[in-house]
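Each remark here refers to the structure printed beneath this line.
What follows draws every value from the coordinates through simple rules; no lab data is involved. Predicted model, so just to flag it, every value in this text is computed and none were measured. Backbone-built Cβ (ideal geometry, glycine too); neighbour counts: all protein chains shown.
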């Protein structure tokens, strides 16, 4: 039995969890309407996307968001609860529960799904952009839901190990959620997942076994924004995946080159992220803040610079453009309109396959030198495969079947530091010029 399954079983056996599961009236669910549960994947970005799905559900069901409960993985911080509290105020959900949820291997997640379904009418497994819907009693609705999922069944069954299949689908995460649920899922609804105010700490009973209010408060970060000599226009920069420097993290040399180019051009940079993250040579350091405070910094910035991950979703919700460097995840699925989306391994693809976001000058800077990793190390290059297929593992960072293995600094999926800095700086300068023109008008 895996640690993830063991933790989920402990939570399900907990008295508070049993009371929650057994007594739907605690959630304020009207008895005459269908009760719905949305189960999100472990990451903060996954929870933000699940909130947009909740919004689409609330627009179509009787009772609206009051009848929707969002369940996400407990990670010991307040980031997801901050998002959920705001989503409740926006009317997207009626309740939020954090639990140790098995992520990654779907077979392990089945036990939690089976335990939840008897306590609702409809259950959405939003572990990935390909959503599976379970109906407790409505056979006709279940048949229709299964037919929507069928074209994407291989992606659902293999996630995350066969996520390379997403590259071939070439549809955004919102489009995939809409196609597999039949709902109007829109990326703009990320606005209801981007809080600017800190949520209160939950009651002790809401903290899953093994956690405590004291630990939660200590690990969540500062709840007040430190003094900040704000200079406009400034740029917020983040280097990390979920703030922990694991997969998807741009090499330090890339981040340093971008910062040097931006600050040399007169755009002061502010570093955000979790407490203890490796310091970058930015003018200001704002590490260890609660999510709403980080959002305030992003809200006041000219733009965000980050690798693909959580904060670009928050920036989208705040209507702030972002320069996003992709590595292991397919940009066709996780890129957001209005951003500078820099895909990996550009030289390995034909010119007509490159994203329309890049200008010819940008393409000339990247296309030419062989940069594509020869070992199919990631979602983009061929996908993570089952651990038994050792020949498909990353030769630069073993063992790849440990999903928390850091991508090595030698990873060839990121552009070279000078190329990345030039692309981002040109884009930021263009943004600043457009903003000056808009302000003058």
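What's the exposure ranking of 316, 80, going from fewest to most Cβ atoms within 10 Å?
On the way: 316 24, 80 27.
In increasing order of surrounding Cβ atoms, one gets 316, 80.
Arranged by the count of other C-beta atoms within 10 angstrom, fewest first, what order do 427, 284, 173 take?
Taking fewest neighbouring Cβ atoms as first place, the list is 284, 427, 173.
Quote to one decimal, in nm, the extra length available between residue 171 and residue 418 on full extension: 0.36 nm per residue of separation minus the C-alpha distance between them.
Working it through step by step, the gained length comes to 85.9 nm.
If each of residue 212 and residue 144 carries a label point 7 Å out from its Cα toward its Cβ, how far apart are those two points in nm?
Using points 7 Å along Cα→Cβ, the separation is 5.1 nm.
Based on the Cβ-Cβ distance from residue 429 to residue 197, what FRET efficiency comes out when R0 is 41 Å, to the nearest 0.05?
It comes to 0.80.
Can you sort 279, 219 so the residue with the fewest Cβ neighbours within 10 Å comes first?
Neighbour counts put them in this order, fewest first: 279, 219.
Using the beta-carbon distance between residue 223 and residue 252 and R0 = 45 Å, what value does 1/(1 + (r/R0)^6) give for FRET efficiency, to the nearest 0.05?
Efficiency computed from Cβ-Cβ geometry: 0.95.
Which order do the peptides 87-95, 261-269 take when ranked by the mean count of other beta-carbon atoms within 10 Å per residue, highest first?
Highest-to-lowest ranking by the protection proxy: 87-95, 261-269.
Could you tell me the calculated FRET efficiency between residue 439 and residue 263, based on Cβ-Cβ distance and R0 = 30 angstrom, to the nearest 0.05?
The computed FRET efficiency comes out at 0.85.
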